[in-house]
Amino acid sequence: MASDKHNYIGGRWVAGGSTRPSVNPSDISDIIGHFAEATPAQVGEAIVAARSAATAWGVSQLEARYKTLMAIGDEICARSQELGELLSREEGKPRAEGVGEVFRSGQFFQYFAAEALRISGDAVDSTRPGIEVDVRREPIGVVAVISPWNFPLSTACWKIAPALAFGNAVIWKPASATPAIAWQLAETFSRQTLPPGTFNLLMGSGGVVGNALAASPDIDAVTFTGSYEIGQQVATRAAPNFTRIQLELGSKNPLVVMDDGDMELAVAHALNGAYFGSGQKCTASSRLIVHRKVHDEFVTKLKAKAEALVVGHALDEGTQIGPVVDEKQLAQALDYVKLAEKEGCERVCGGERLKRRTEGYYFAPTLFIGTKNDMRVNREEMFCPIACVIEAGSYEEALQLANDTPYGLTSGIITKSLARANHFRRHMKTGCVMVNLPTAGTDYHVPFGGRKKSSYGPREQGRVAVEFFTAMKTSYINAGAPE
Ligand code: NAP
């Protein structure tokens, strides 16, 4: 990527007020490119363009929407190797995970292309004679999409695809750490025939672009994925206008390991949930709640596996764990190690920055034992490859500990007992529950979201996505008698 990359506003590429470099976290001497930072005036221009496009796109033929979304989905899937490599270079996850994320992003477009054709309503008789009632869904208008860096493409695509499928115009503000992969999606859109302004890319800082979108009375809905703290700010800005909001936020997901569980499975799933993606997943297992009877065996086995993980350059063959995304995340991880030790936790492995052949933000997969659920390391989202083991004396205690958190995105249990698995599934206050599976890893055709401080508003993904991206209209028709 040689020249500066611009924003895409109203169907045109537009330079920003300034640019920001995108830096490869595996090798900070590798500058991926320089990306436009939108000015406040350009946010206004994008809103005007999107409002005008929303009128045309909102009444577009269903097959036009189907074809556009399917073409984008097919292209993204077909280019998953190339785009996945770019995603990994920019975000730091190993190549296979980058390719997987890109492919999944394409699948969101393919899935919602078909959903565009399936939108349905109700036709019923009124309680009054001679009157019919027609209940249908209409687009809401202009949707602002604000997305994070950890799944820089998929979190955005699972919002952009349904927004467009159901007839809305989109303004996308991606995370500042990952503009290169965002720009590629905009480039794909720029080759489609759409009313100008139907899809807009606004790179730039959250404080300028994100804030302005959330606060604008001309935005009909804001769908946000990111931290709880920023989500709260988005909600506060949107509230005076009664702008519709959907927030997918932080987490503190528990994986419960029972004494009757398959120990190899427990260790493999804990390893996956706690460390893959450098622990930078909203679905990561940061609390490992382990039955006292199997605690020592579990810890010994997990330590051995964690220490054997290959941490390295995201694009190197054999890398299992890439760097964390930037210097801030690295500093945060090191601070949490200090905090854990101050709180009296015992470090079993990891806890330090690693040196590799290139200078990057490498951090060793870290395990703490002797931790209590009320410690800050078990209350706050750390968003790095650090896991804490909490001992439990019984299933009941494990369930209580698992639910004792301000968050509620995912949870998991490793057990061979159908009764425990079923009870856990029914009593966890989380949006997703995994039985004998890692807490991370979800499908694209079913609802996704959490409870408590993890989510606000209607669920994302699957058929229920229609709830957020449409407005319902109830019409009463008195056709009269034929002459
Ligand atoms: P973040 O700091 O909250 O940022 C998220 C997005 O909000 C970015 O695009 C950011 O822009 C923007 N932003 C920043 N300040 C803003 C403001 N004042 N108004 C409006 N937008 C603003 O989160 P992150 O560090 O990118 O991502 C990690 C977080 O995302 C974690 O908490 C993780 O759990 C959460 N997450 C949740 C889910 C889920 O489905 N529940 C999925 C993935 C990630 P800049 O980049 O320019 O700051």
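Values quoted throughout were computed directly from the atomic coordinates according to the rules given, and no laboratory measurement underlies them. Quantities reported herein were computed from a predicted structural model and do not represent experimental measurements. Positions of Cβ are generated from backbone atoms using ideal geometry, with glycine treated the same way; all protein chains shown enter the neighbour counts.
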Cα convex hull volume per residue for region 106-193 (Å³)
118 Å³
To check my understanding: the extent here is largest minus smallest coordinate of the Cα atoms along each principal axis. What are those three numbers for the chain, in Å, largest first?
84, 61, 41
Seen from all sides and averaged, what is the projected area of the convex hull of the Cα atoms in region 371-464, in nm²?
6.7 nm²
At R0 = 60 Å the Cβ-Cβ FRET efficiency linking E229 and A481, nearest 0.05, sits at 0.45
With angles folded into 0 to 90 degrees, how steeply does helix 263-275 sit against the dominant principal axis of the chain? Use alpha carbons for both and round to 10.
60 degrees
Simple label model, 7 Å out from Cα along Cβ direction - K416 to E317, nm:
4.0 nm
If you count the DSSP beta bridges with both ends in the chain, what percent of them are antiparallel, to the nearest 5?
45 percent
What do you get for chymotrypsin sites (Phe, Trp or Tyr not before Pro) in region 183-292 restricted to DSSP loop and a cutoff of at most 16 other Cβ within 10 Å of the site's Cβ?
F242
By a straight-distance test (C-alpha under 16 Å), which aspartates and glutamates pair with K67 as possible cross-link partners, with residues fewer than eight away in the same chain excluded?
E75, E115
Reduced Cα scattering model of region 229-343, Debye log10 I(q)/I(0), q = 0.19 Å⁻¹
-1.12
Could you list E467, E396, E115 in order of exposure, starting from the residue whose Cβ has the fewest other Cβ atoms within 10 Å?
E396, E467, E115
Report for region 325-483 the percent antiparallel among DSSP-assigned beta bridges with both residues inside it, nearest 5.
55 percent
Checked against a 28 Å limit on the C-alpha separation, the offending pairs among K293/K355; K93/K301; K159/K429; K252/K303; K252/K473; K281/K305 are K293/K355; K252/K473
FRET efficiency for R347 and E380, using Cβ-Cβ distance with R0 set to 22 Å, rounded to 0.05
0.80
Quick one: order M434, M70 by neighbouring beta-carbon count within 10 Å, fewest to most.
M70, M434
For the chain, find the longest principal axis of its Cα atoms and tell me its angle to the long axis of helix 418-427, 0 to 90°, nearest 10.
50 degrees
Rule-of-thumb Rg ratio for region 6-129 [Cα; 2.2 N^0.38 Å; N residues]
1.45
Fewest-first ordering of I31, I386, I369 by Cβ atoms within 10 Å yields I31, I369, I386
Region 391-483, dipole about Cα centre (Lys/Arg Cβ +1, Asp/Glu Cβ -1), debye to the nearest 20:
80 debye
Translational diffusion coefficient of region 359-411 at 25 °C, 0.890 mPa s, Stokes-Einstein with Kirkwood Rh over Cα pairs, in µm²/s as a whole number.
194 µm²/s
Over the chain, relative contact order from alpha-carbon pairs under 8 Å, at least 6 apart, %:
17 percent
Taking 22 Å as R0, compute the FRET efficiency from the Cβ-Cβ separation of L117 and H445 and round it to 0.05.
0.90
Extension gain from A331 to D262, taking 0.36 nm per residue of separation minus the Cα-Cα distance
21.3 nm
Rounded to 5, the percent of DSSP beta bridges in region 92-237 classed as antiparallel
25 percent
